């Protein structure tokens with residue numbers, strides 16, 4: 001080896017330096033030892049696998065619906081949020097000596113197809129299964145495998161209550177959590193008289209019952225309940241006429257519209273000058289891209305940079321699922337899978353909402369703050385100020401432990 005040497009005259013000369021045999025004998029065992037240690041570390045680290053099962057032809061992702069951008073609806077594939085979360089956790093996973101691979105499986109809209117995909121994923125070595133499916137398909141997946149199943153896309157209360165499963169977790173807020181957040185906000189604003197407008201679909205009927213239960217639970221008054229229906233039939237035109245639907249005396253109009261088209265046209269068209277809440281006007285969501293606290297702008301920017309769309313509630317839910325998987329792998333980087341599954345259930349996570357979040361042991365739902373938005377920004381948060389709970393204020397949103405609505409979890 002030749003190294004530069006500066007002599008007295010300022011000239012640079014090259015000196016030939018050869019390592020002695022003794023130096024070679026000393027360095028070689030050290031290098032071999034380091035290589036052996038690295039190989040041992042890699043051998044001890046476990047490789048984990050996450051599989052997302054999603055619809056093959058998802059009507060929620062039809063171009064017309066995406067372009068309409070209904071408030072609170074998904075804006076794209078759930079896989080984007082999971083990929084962003086795993087990318088952000090890459091350095092932490094590497095430091096822990098763990099790896100998490102990710103795969104997406106698209107299935108037909110039947111429980112049988114979802115069950116077959118879940119069984120194949122388990123046989124293929126999956127550590128986690130994630131779902132963005134209907135309730136029936138989600139249950140088929142949960143019943144088919146002995147792995148943790150994380151639901152990122154369905155808000156049905158039944159999946160957290162009578163149809164719950166011991167290894168089924170949820171990052172998307174439930175319908176009841178959204179209803180409780182709205183009811184708490186109405187109490188805080190002293191908007192006690194509620195006119196409830198309900199759409200024609202079965203999902204609307206279920207969510208309307210959830211809204212009525214929240215109204216009763218928080219001491220609000222149901223000033224009236226009316227159905228609406230968008231129809232091309234001239235005989236049914238009055239069923240979508242805000243001037244007829246909003247007659248009466250009330251403080252606020254709560255609209256339940258799973259489709260979103262009627263709800264978005266209701267604000268500023270009520271007979272009385274009253275606010276609209278529910279699926280338009282003021283809405284409870286898991287995330288909004290204009291939330292500006294607790295590092296939220298950085299989270300939204302990173303997602304938008306990678307996914308090329310804003311981060312909404314469904315996107316945040318998928319991102320949190322990916323974050324939970326990575327955190328569980330870091331907690332138990334050497335495995336076995338049972339240790340990782342145990343770590344998942346006991347996680348405490350930061351979702352950039354200013355609170356510590358984790359999965360409730362009695363229904364698998366992730367505790368979280370709800371953001372109240374008018375679509376332009378975040379107006380307030382729920383749980384609202386003044387709402388109390390003996391243990392955790394976040395448990396005022398959704399089913400609480402004493403209710404024991406999930407029998408499968410004891």
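Some points to look at:
- Of the set (1) under 22 Å from the mean Cα position of the chain (by Cα); (2) buried (at least 17 other Cβ atoms within 10 Å of the Cβ), all apply to residue 208 but (1).
- Matching entry among 354, 377, 398 (being assigned by TED's automatic domain parsing to the domain that holds residue 158, within 29 Å of residue 210 (Cβ to Cβ) and either surrounded by fewer than 19 Cβ atoms within 10 Å (Cβ to Cβ) or in contact (Cβ under 8 Å) with a residue 12 or more places away in the chain (or both)): 354
- Meets criteria (at pLDDT below 95, farther than 30 Å from residue 63 by Cα and not in a loop (DSSP other than H, G, I, E, B)) for residue 328: no
- Residues that are touching a strand residue (DSSP E or B) at 6+ places or on another chain (Cβ under 7 Å) and surrounded by fewer than 22 Cβ atoms within 10 Å (Cβ to Cβ) do occur in region 272-282, at least one of them.
- Residues of region 291-308 classified as in contact with a helix residue (DSSP H, G or I) (Cβ under 8 Å, 6 or more places away or on another chain) and part of a loop (DSSP other than H, G, I, E, B), total: 1
- Scope region 89-111; condition in contact with a helix residue (DSSP H, G or I) (Cβ under 7 Å, 6 or more places away or on another chain) and part of a helix (DSSP H, G or I); matching residues: 92, 93, 96, 111
- Hits in region 66-76 - residues which are without any contact (Cβ under 8 Å) to a residue 40 or more places away in the chain and in contact with a helix residue (DSSP H, G or I) (Cβ under 9 Å, 6 or more places away or on another chain): 66
- Odd one out for residue 148 among (1) over 19 Å from the mean Cα position of the chain (by Cα); (2) at negative phi; (3) at pLDDT 95 or above: (1)
The values are calculated or read from the model by the stated rules, or taken from the named source; none is laboratory data. Note that this is a predicted model, so its numbers are computed, not measured. As a convention, Cβ positions derive from the backbone with ideal geometry for all residues, glycine included, and neighbour counts pool all protein chains shown.
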